[in-house]
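The values are calculated or read from the model by the stated rules, or taken from the named source; none is laboratory data. Worth saying up front: this structure is predicted, and the values here are computed from it rather than measured. Side chains are part of the model used for accessible areas, which takes the heavy atoms of the whole protein and leaves out ligands, DNA and RNA. Shrake-Rupley method; radii C 1.70, N 1.55, O 1.52, S 1.80 Å.
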Amino acid sequence: MLRRIDHIALLVPDLEQAMALYREHFGVTFNGRERNEEQGFEVASFAAGDGHIELLAPVRPDSFLAAALQKRGPGIHHIAFEVEDLDECFAEGDLSGLRFTRDRAQRGTGGSRIAFVHPKSLLGVLLELVDLPKNTPGPEGAVGQAEAEGGNEDATAR
Ligand code: CO
């Protein structure tokens, strides 16, 4: 069911500072930077193997990420696995008994569909399942895919 790690999302208090840190020490090149006004955060990403690392930072105090920072400090926010077919995952029943942060499938960026397993169901880990669009031309690697990390305001309460 879990094919590969699509991305690991790191929660940081200051995006500029975090980007500078990764540039300085690891020489990474950031591919995308996107601001989600609705949910009050900003995300920047760089490639790591065939996946990517996302840096997430709140841009206003009422963002769910500001609450998460307050509660737990910076660190790993979630791990995202690519799955073959999200609907199939649910249909097969393997996921039954797991708590999800919202309705199961939400819309991610670029036509992807995502779902978040609540950390209370998975020993403290917020796990994202990503079903990438099948009609994407070429191995675009999902880099710079700054998805709306939707639906996880409730996941900060673990
Ligand atoms: Co994510």
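For region 1-70, give the percent of accessible area contributed by carbon and sulfur heavy atoms, probe 1.4 Å, rounded to a whole number. Numbers along the way, then the final one.
On the way: 1850 of 3650 Å².
That fraction is 51 percent.
Suppose we keep just the alpha-carbon trace of region 10-144; what are its Rg and Dmax in angstrom?
15.5, 45
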